[in-house]
Amino acid sequence: MLTYGCQMNEHDSEKISGMLTSIGYEETDDENNADLVIFNTCLIRENAELKFFGKLGEVKGLKRKKPDMLIAVCGCMMQKEEIRQKVLKTFSFVDIIFGTNTIHELPSLIYNAEINKKRSVDIIDNTELIYEDMPKQRKFKYKALVNITYGCDNFCTYCVVPYVRGREKSREPIDIINEVKALAEDGYKEVTLLGQNVNSYGNNLKNGITFAELLYELNKIDGIERIRFMTSHPKDLTDDLIRVIKECDKVCNHVHLPVQSGSSDVLRRMNRKYTKEHYLELVNKLKKEVPDVAITTDIIVGFPGETEEDFQETIDVIKKVKYDSAFTFLYSIREGTTAALMENQIPDEVKHERFDRLLDVLYPIVLDKNQQCIGKVYPVLVESVSKTSETFLTGRTEHFRLVHFKGSEDLIGEIVNVKITNVKTFHMEGEIE
Ligand code: SF4
């Protein structure tokens, strides 16, 4: 299974794996020996789309050698009619297509393709239904992804998500609480609550629960030591939520708060529903209430019509907020969105030049924030053996900083105290205390 895109997709892949395991499949990294190859696709940026089509083309040769091998494509791209038609017409070797709302149908789609030798396609554009209790084959044994909402109602003008994942719907609190309790019983220490906008959790539920109230409930669950959430839309970040971050010991002092642009004019055209001033006010409130809070963000460079002055507003926000880290993106046209039709698309060379200048401002700030950690001791959840050295482990602090340190494999899944001795822009190094 090849998964592209965000944590939402990663978690969908865990459900797909869970279902396949329950009907007798075993996961393999070696596509040459696979009986079934699944692409879980992403539509958020052009890059992910191109990568998928490249890889799909490669698999054609494999299918020729092994005609019984099934090829399935799912995820956000398949929710879009034009792309689905392109796959159906151009890639005739694809056997199964399903969408983000029909994951639970996969076993019967496989049956249809394998036994009835029929191409199986199952897509639902929008649905109120939430399928609970799907088996999940989780990637990690100590940290877990937990959906709390699906879909999105915000229609940011650059984004395809509301069109492909449908309107926002929240899971019932009891289902979320039970899932997290079960995870705690299985030894999980950290949960990340997932939603396109977790702050609007509960809006469509009859019981009137808010995201802040849900966090209070989850904070009571024994065994869980860290609660993370993403993504937080600034327009819906409430004082109650800030209070929860401050008061609930398990809720991590880390907020991923996508700013996207520092220009109020660009934000209006992005349909983000907040201004630069409001965003900075929220950040100040967060820093005042939770002094050691880490704030990370997403920034889009080169949105249609972005002037040099608009860009400078973004630079100004970076300097004022002093982000702990940021995901930075070049704006790319997504067909079907309002921004795709806007005039004044920014030439690539201007986007790239602004992007480089933005990183020149951002990276020293991130490094400086990391340098402030030197000599301090942080609890680190050990995630894996380091990719670069077998004797080193990798983990994350509450603030989502990546730390490498010497240690033995049996510490994976434990929370250990690590003293920071050296830092780089993207990671820190330390020693177990
Ligand atoms: S909040 Fe905006 S950017 Fe995020 S998923 Fe919804 S429409 Fe897309």
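The values are calculated or read from the model by the stated rules, or taken from the named source; none is laboratory data. Predicted, not measured: the structure shown is a model, and the values here were computed from it. No Cβ is skipped: glycine too gets one built from the backbone with ideal geometry, and neighbour counts run over all protein chains shown.
Scanning segment 247-272 for residues that are away from the ligand (no atom under 16 Å from the Cβ) and more than 22 Å from Lys320 (Cα to Cα), which turns out surrounded by the fewest Cβ atoms within 10 Å (Cβ to Cβ)?
Asp249
Scanning segment 323-347 for residues that are exposed (fewer than 14 other Cβ atoms within 10 Å of the Cβ), more than 24 Å from Val164 (Cβ to Cβ) and either in contact (Cβ under 8 Å) with a residue 24 or more places away in the chain or aliphatic (A, V, I, L, M) (or both) yields Glu343, Asn344.
When Leu56, Leu20, Leu62, Leu43 are checked against the criterion of being in a loop (DSSP other than H, G, I, E, B), in the same structural domain as Leu106 (by TED's automatic domain parsing) and either surrounded by 17 or more Cβ atoms within 10 Å (Cβ to Cβ) or touching a residue at least 24 places away in the same chain (Cβ under 8 Å) (or both), a single residue qualifies: Leu43. Among the residues of segment 375-430, those that are small (Gly, Ala, Ser), over 23 Å from the mean Cα position of the chain (by Cα) and within 24 Å of Thr296 (Cα to Cα) comprise Gly375, Gly430.
For segment 98-109, filtered to residues that are surrounded by fewer than 22 Cβ atoms within 10 Å (Cβ to Cβ) and not polar (S, T, N, Q), the residue that is farthest from Arg165 (Cα to Cα) is Pro107. Lys89 fulfils the conditions (1) part of a helix (DSSP H, G or I); (2) touching a helix residue (DSSP H, G or I) at 6+ places or on another chain (Cβ under 7 Å) except for a single criterion, (2).
In summary, Leu50 fulfils each of the numbered conditions (1) among the aliphatic types (A, V, I, L, M); (2) assigned to a helix (DSSP H, G or I); (3) closer than 22 Å to Ile124 by Cα with the single exception of condition (3). Scanning segment 293-340 for residues being aromatic (Phe, Trp, Tyr) and touching a helix residue (DSSP H, G or I) at 6+ places or on another chain (Cβ under 7 Å) gives a total of 4. The set of residues from segment 374-412 being of a type in the set (Phe, Trp, Tyr) and farther than 20 Å from Lys141 by Cα comprises Tyr378, Phe405. Scanning segment 317-337 for residues that are part of a loop (DSSP other than H, G, I, E, B), within 16 Å of Ile300 (Cα to Cα) and not aromatic (Phe, Trp, Tyr) gives Ser332, Ile333, Arg334, Thr337.
Take the conditions (1) buried (at least 19 other Cβ atoms within 10 Å of the Cβ); (2) in contact (Cβ under 8 Å) with a residue 40 or more places away in the chain; Arg138 misses just one of them, which is (1). Lys387 fulfils the conditions (1) charged (D, E, K, R); (2) loosely packed, with under 14 Cβ neighbours inside 10 Å; (3) touching a residue at least 60 places away in the same chain (Cβ under 8 Å) except for a single criterion, (3).
Failed condition for Thr41, given (1) β-branched (Val, Ile, Thr); (2) touching a Gly at 6+ places or on another chain (Cβ under 6 Å); (3) more than 22 Å from Glu335 (Cα to Cα), with all others met? Here Thr41 clears every test but (3).
Check every one of the strands (runs of 3 or more DSSP E) wholly within segment 344-425 and list those with 2 or more residues that are β-branched (Val, Ile, Thr) and at pLDDT 95 or above.
377-385, 392-397, 415-423
Of all positions in segment 130-149, at least one carries a residue that is among the aliphatic types (A, V, I, L, M), within 24 Å of Val198 (Cβ to Cβ) and within 16 Å of the ligand (Cβ to nearest atom). Taking the numbered list (1) more than 21 Å from the chain's Cα centre (by Cα); (2) within 15 Å of the ligand (Cβ to nearest atom) in turn, Leu194 passes all entries but (1). Select, from Thr127, Thr100, the only residue that is within 16 Å of the ligand (Cβ to nearest atom), outside any helix (DSSP H, G or I), at pLDDT below 95 and under 22 Å from Cys6 (Cα atoms). After applying the criteria, what remains is Thr100. Scanning segment 159-178 for residues that are part of a helix (DSSP H, G or I), buried (at least 19 other Cβ atoms within 10 Å of the Cβ) and either free of Cβ contacts under 8 Å to residues at least 12 places away in the same chain or more than 11 Å from the ligand (Cβ to nearest atom) (or both) turns up just one, Ile176.
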